[in-house]
1. Compute a Gaussian network model of the chain, connecting alpha carbons closer than 10 Å, and tell me which residue from Asp290, Asp100, Asp227 fluctuates the most.
2. Return the tail of the calculated pair distribution for the stretch 165-238, meaning the percent of Cα-Cα pairs more than 14 Å apart.
3. Give the aspartates and glutamates whose C-alpha is closer than 17 Å to that of Lys313, dropping any in the same chain fewer than 8 places away, or say none.
4. Normalised by the number of residues in the chain, what is the relative contact order in percent for Cα pairs under 8 Å and 6+ residues apart?
5. Based on the inverse mean of 1/r over its pairs of different Cα atoms, what is the Kirkwood hydrodynamic radius of the stretch 130-199, in Å?
6. Running Debye on the stretch 177-330 with equal point scatterers at the Cα sites and no solvent, what base-10 log of I(q)/I(0) appears at q = 0.14, 0.17 Å⁻¹?
7. Which length gain, in nm to one decimal place, applies between Glu146 and Glu381 when the Cα-Cα distance is subtracted from 0.36 nm times their residue separation?
8. What is the angle, in °, between the Cα long axis of helix 330-346 and the longest principal axis of the Cα atoms in the chain? Nearest 10 is fine, range 0 to 90.
Amino acid sequence: MKIGIIGMGNMGSKYAALIAKGEIKGMELAAITRVNEERWEEIKDYVSSELVRVNSGDDMFGEIDRGNLNLDGVIIVTPHYSHEDFAIKAFQRGISVLCDKPAGVYSRQARNMMNAYNEAKAQNPSLKYSFIFHQRTFPVYKKMKEIVESRKYGSIKRVNWVITDWYRPNAYYETVSWRGTWKYDGGGTLLNQCPHNLDLLAWICGEPKSVVGFCNEGKYHPIEVEDDVTAYFEWKNGATGVFIASTGEAPGVNRLEISLDDALIVCEKGELKIGVLDKPEIEYRKGNGDLFAKPVYEWENIDVEPAKDYYNKVLEGFVKGEFVAEGKEAINSLYISNAIYLSSWKNRKVLIPQPGSDYELEFEKEFEDALAEKTARADRE
């Protein structure tokens, strides 16, 4: 599978090195966009002499249109706003797409990408579309999903995820001018650090029904966008959840708790444990006359392998058509982040859309109008 990489920053260069060194079975690096000298030095001894180097994604598509380049797929690793444009241009040329997270800044972009894919796939059934949500390959999260979906311990009651180990100094935002801005970055902690977490939240627990969000903009850093977030979720079955993320706390934690009817799953520092009741909780609740009866439970450590070779798994799965995350799933994390933003800006609870619903279109417009207003205000200031 001949691959072109659009965007040769930190991650694009990493993917290029894996492919060029022959670590991804079934992939050949055929083209890259502009790369700085330091990153070129890392891969130049491994690439083919026929590698095509161009300045931009549009130049890459231009070479394809002129018949100078033949690609089976592209990996898109550019700033968020441009994902939609490059993906649609690839689909229009019958080229498969593996895109880095998130699908874009707002959910309409993900919907447009999926529509373009469906149209192109009708003409070319072998076309592929997937996203690099590589944390789905982590054994600890796969095991949590397995436990939840088995319903062995009942349904979800509550979810708590505190992710404050995303610490970033001011220099992180100062190194590139677009970072930390509404106009070019489209958001802060939610859009840059948390897409994987929001994707996992929906993947493991199901898409929430609604959210009340609180985003603090520039709380710790001199930036326009949020660097501190707290969100309260509700699910259709009555379960509730709290999601907390920050780039300004130290020392931080990354702790995910999922409370089920008859057990509590806890994931922290890559380790997993479960506290299991000796009998269903409802039996304790109905009681036996003891006003202060405490449920009896026992903790069990669950052995899980450390995460490794996760990018290899995503890329090789793309070649085989065994996707870690299908293209249609990328919209889920954007629904959630867009809803958190909108709730915070409007100071009210926001429902999370269902794909294809009339409300989805209303939600998209309200969010995009609010984001445009935030961007314009920031430009004036």
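1. Asp290
2. Roughly 65 percent, once rounded to a whole number.
3. Counting by Cα, and skipping residues close in sequence, Lys313 has these aspartates and glutamates nearby: Glu23, Glu28, Asp100, Glu305, Glu322, Glu326.
4. It rounds to 18 percent for the chain.
5. So the Kirkwood estimate lands at 15.0 Å.
6. -0.97, -1.23
7. Result for the pair: 79.7 nm of gain on full extension.
8. Once rounded, one gets 70 degrees.
A short reminder: the numbers here are calculations on the coordinates, not readings from a lab. Since we're looking at a predicted model, the values are computed, not measured. With ideal geometry, Cβ positions are generated from the backbone for all residues, glycine too; neighbour counts draw on all protein chains shown.
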